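The values are calculated or read from the model by the stated rules, or taken from the named source; none is laboratory data. All figures in this text were calculated on a predicted structure; none of them were measured in a lab. Cβ: placed from backbone, ideal geometry, glycine included. Neighbour counts: every protein chain shown. Accessible surface is based on the protein model in full, side chains and every heavy atom, while ligands, DNA and RNA are left aside. Shrake-Rupley method; radii C 1.70, N 1.55, O 1.52, S 1.80 Å.
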Amino acid sequence: MKYKIAVCDDSAADRSYVLSMVRGWAARAGHAVQLDDFPSAESFLFRYAEEGDYDILLLDIEMGAMDGVTMAKELRKDNDTMQIIFITGYSDYISEGYEVAALHYLMKPVQEEKLRSVLGRAAEKLAKNETVLKLEAGGEMVRVPIYQIRYADVCGNYVTVHALTEVTVKMPLGELEKQLDERFYRVGRSALVNLTQISRVTRTEIRLSDGTALPLPRGAYEGVNRAIINMR
């Protein structure tokens with residue numbers, strides 16, 4: 001695989017250090033990479049506005065006029081597939097990563113073994129994001145990227161897949177479940193939910209990151225939470 005990777009850090013020494021480790025990871029894993037480095041959030045955003053096709057971003061949090069978290073929020077307005085890995089000298093920012101779906105935090109000084117592990121996870125997620133579900137609806141074939149599916153629910157003999165748009169098909173929910181991967185969890189008899197889209201679970205409902213509330217059947221609370229923990 002070939003990946004386009006950016007390192008954004010206002011420290012030239014830190015950029016050089018991380019770049020060398022990324023090259024080592026790519027060589028060991030057999031990946032081709034295009035590597036670019038940027039001294040500020042503003043310089044990255046300028047390039048991103050022209051190209052916008054980076055796969056992985058290693059992003060320092062503590063920078064100048066625009067910090068890394070603010071920049072990540074800008075990116076997430078129109079890009080939900082880029083794998084963002086925060087690099088920081090402080091643990092205070094970790095909770096903010098949930099807002100921008102950061103893959104991981106690496107504490108400075110970055111350890112090569114940990115960086116290799118996280119880059120491997122990023123590559124796996126990128127590969128999964130390429131998987132497309134093919135559904136026949138209304139006499140035509142509809143392609144739905146699996147990572148975009150928030151949940152699917154059933155009504156009678158029909159299943160509705162809720163992604164960027166809604167697609168309703170005539171099929172058993174179990175058949176759809178076989179076409180999905182480990183990111184999806186069966187909630188009772190009537191729904192499948194994307195574990196990566198869950199923001200909160202109570203005894204009575206699952207709340208998704210877009211605000212959707214799905215009823216949680218009695219006795220399902222522990223299973224959902226266990227699935228989320230195993231996923232992360």
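Brief remarks on what is shown
- Hey, residue 175 part of a strand (DSSP E or B), out of contact with any Lys or Arg (no Cβ under 8 Å at 6 or more places or on another chain) and open to solvent by 50 Å² or more (accessible area, probe 1.4 Å) or not: no
- Scanning the range 4-20 for residues being within 20 Å of residue 124 (Cβ to Cβ) and open to solvent by 10 Å² or more (accessible area, probe 1.4 Å) gives a total of 1.
- Of the strands (runs of 3 or more DSSP E) that lie entirely inside the range 185-232, those containing 3 or more residues that are open to solvent by less than 20 Å² (accessible area, probe 1.4 Å) and not small (Gly, Ala, Ser) span 191-194.
- Residues satisfying the stated conditions in the range 123-172, i.e. surrounded by 11 or more Cβ atoms within 10 Å (Cβ to Cβ), within 19 Å of residue 214 (Cβ to Cβ) and small (Gly, Ala, Ser): 152, 163
- Qualifying residue in the range 176-194 (condition: without any contact (Cβ under 8 Å) to a residue 12 or more places away in the chain, closer than 21 Å to residue 133 by Cα and out of contact with any Asp or Glu (no Cβ under 9 Å at 6 or more places or on another chain)): yes
- Hits in the range 72-84 - residues which are in a loop (DSSP other than H, G, I, E, B) and more than 17 Å from residue 197 (Cα to Cα): none
- Every pair of residues 6+ apart whose Cβ atoms lie under 6 Å, when the first sits in the range 144-170 and is farther than 18 Å from residue 188 by Cβ while the second is among the aromatic types (Phe, Trp, Tyr): 168/158; 170/158
- Subset of the range 31-49 that is aromatic (Phe, Trp, Tyr) and open to solvent by less than 70 Å² (accessible area, probe 1.4 Å) - its residue that is nearest to residue 19 (Cα to Cα): 38
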